[in-house]
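Nothing in this text is a laboratory measurement; each read-out follows from the coordinates by a stated rule. Not measured: the values here are computed from a predicted model. Please note: Cβ atoms are built from the backbone with ideal geometry, for glycine as well, and neighbour counts cover all protein chains shown.
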Amino acid sequence: MIPRGIRNNNPLNIRRSKDQWKGMSKTQNDRSFCQFETLEYGWRAAFYLLTRTYYHKYRLYTIRGIISRWAPPQDNNDTSAYIANVSRLTGIDPDEPIGIPSEKPSRWMAVGVAMAIQENGTTSIDWFAMLKGWELCRADV
């Protein structure tokens, strides 16, 4: 079965909110998570959240800081396991600053991919869609 995040073209399982993302599907059938027209737009939203909202607005610079807010334990997440897995997959220590997104894009993409693997339970990633999503996000700078 195809994981929910992939079916929704939402690799990081961004929750529905008042935000109207670029590329959102006109029909939102999933009660909890956003649905995007394409996987590229889902990745764009994911990278926007990671690099703009979490990095610039919330000033979260590490895997531990980001995941603690993204998947907090009070939402029934195993936050410690999530942090450990993203750290293991990326090779970035949980408390090591990831870097400025414009200067360290590959590290931010790695964090996004590791989070998508954690969220969807699969390593089957559409790398071209991920790269296009990064480009779409950065084009909005």
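Relative to the globular-protein estimate of 2.2 N^0.38 Å, the Cα radius of gyration of the range 1-45 stands at 0.98.
Would you mind getting the Kirkwood hydrodynamic radius of the chain from its Cα pairs, rounded to one decimal in Å? In the chain this quantity evaluates to 15.0 Å. Peptides 128-138, 70-80 ranked from most to least packed give 128-138, 70-80, packing being the mean of other C-beta atoms within 10 angstrom over each peptide's residues. Computed packing ranks the peptides 5-18, 51-64 as 5-18, 51-64, most packed first, by mean other Cβ atoms within 10 Å. Distance between the modelled labels on residue 4 and residue 135, one decimal in nanometres: 3.2 nm (7 Å Cα→Cβ projection).
Considering helices alone, the calculated mean residue ellipticity of the chain at 222 nm is -13500 deg cm²/dmol, with DSSP H runs of length four and up weighted by -39500 (n - 2.57) and normalised per residue. Ordering 54, 41, 70 by the projection of their Cα atoms onto the charge dipole of the range 16-75, which places +1 on the Cβ of Lys and Arg and -1 on the Cβ of Asp and Glu, puts 54 at the extreme positive end. Between 119, 103, 37, the Gaussian network model of the chain with springs among Cα atoms under 10 angstrom shows the greatest mean-square fluctuation at 103.
With the Cα gyration tensor of the range 90-141 giving a ≥ b ≥ c as the square roots of its eigenvalues, does the rule (a/c under 1.5 for rounded; else a/b larger than b/c for prolate; else oblate) give rounded, prolate or oblate? The shape class here is oblate. Relative to one another, the C-alpha centroids of the range 64-86 and the range 45-62 are positioned 15 Å apart.
In this structure, the amide hydrogen of residue 33, modeled 1.01 Å from its nitrogen in the peptide plane, lies closer than 5 angstrom to those of 16, counting only residues at least 5 positions away or on a different chain. In this structure the amide hydrogen of residue 24, modeled in the peptide plane, comes within under 5 Å of the amide hydrogens of 37, none closer than 5 places in sequence on its chain.
For residue 53 and residue 127, a Förster radius of 25 Å and the Cβ-Cβ distance give a FRET efficiency of 0.55, rounded to the nearest 0.05.
Sequence-distant contacts, meaning Cα pairs under 8 Å at least 6 residues apart, place the relative contact order of the range 21-114 at 23 percent.
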